[in-house]
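The values are calculated or read from the model by the stated rules, or taken from the named source; none is laboratory data. These numbers come from a predicted model, not from an experiment. Here the Cβ positions follow ideal geometry from the backbone for every residue, glycine too, while neighbour counts run over all protein chains shown.
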Amino acid sequence: MHPQLSDKKALVCKDFLEALEQCHSNNWARLLGRCNKQKEELNVCLRNERIERATENREMAKERKLKTEQARKNFYADE
């Protein structure tokens, strides 16, 4: 299924994950493709979570880079 689910992701997409697991409990539904909607909804949820996390990480990286540049300027300005 989705082995990369961590606790945070599981909490965000918990409803979708439970719906997919419930659908997969019926082997015939799983084999006949009746769980595809639930799987797609979970994939969309996980994709949105990944995009949101990447955006946050990008912003934090920009802030760290600015801090580093400012510290470097201050260090070399003293010379």
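Quick notes
- Qualifying residue in region 34-42 (condition: out of contact with any Leu (no Cβ under 7 Å at 6 or more places or on another chain), outside any loop (DSSP other than H, G, I, E, B) and modelled with pLDDT under 95): no
- You will find that of Ala61, Ala10, the residue that is assigned to a helix (DSSP H, G or I), surrounded by 10 or more Cβ atoms within 10 Å (Cβ to Cβ), at pLDDT below 90 and under 22 Å from the mean Cα position of the chain (by Cα) is Ala10 and no other.
- Criterion violated by Asp78 - all others in (1) loosely packed, with under 10 Cβ neighbours inside 10 Å; (2) modelled with pLDDT of 90 or more satisfied: (2)
- Per this entry, Leu46 is counted among residues that are at pLDDT 90 or above, on the phi < 0 side of the Ramachandran plot and not acidic (Asp, Glu).
- Region 32-43 - residue that is surrounded by 10 or more Cβ atoms within 10 Å (Cβ to Cβ) and without any contact (Cβ under 8 Å) to a residue 12 or more places away in the chain and, of those, farthest from Val12 (Cα to Cα): Leu32
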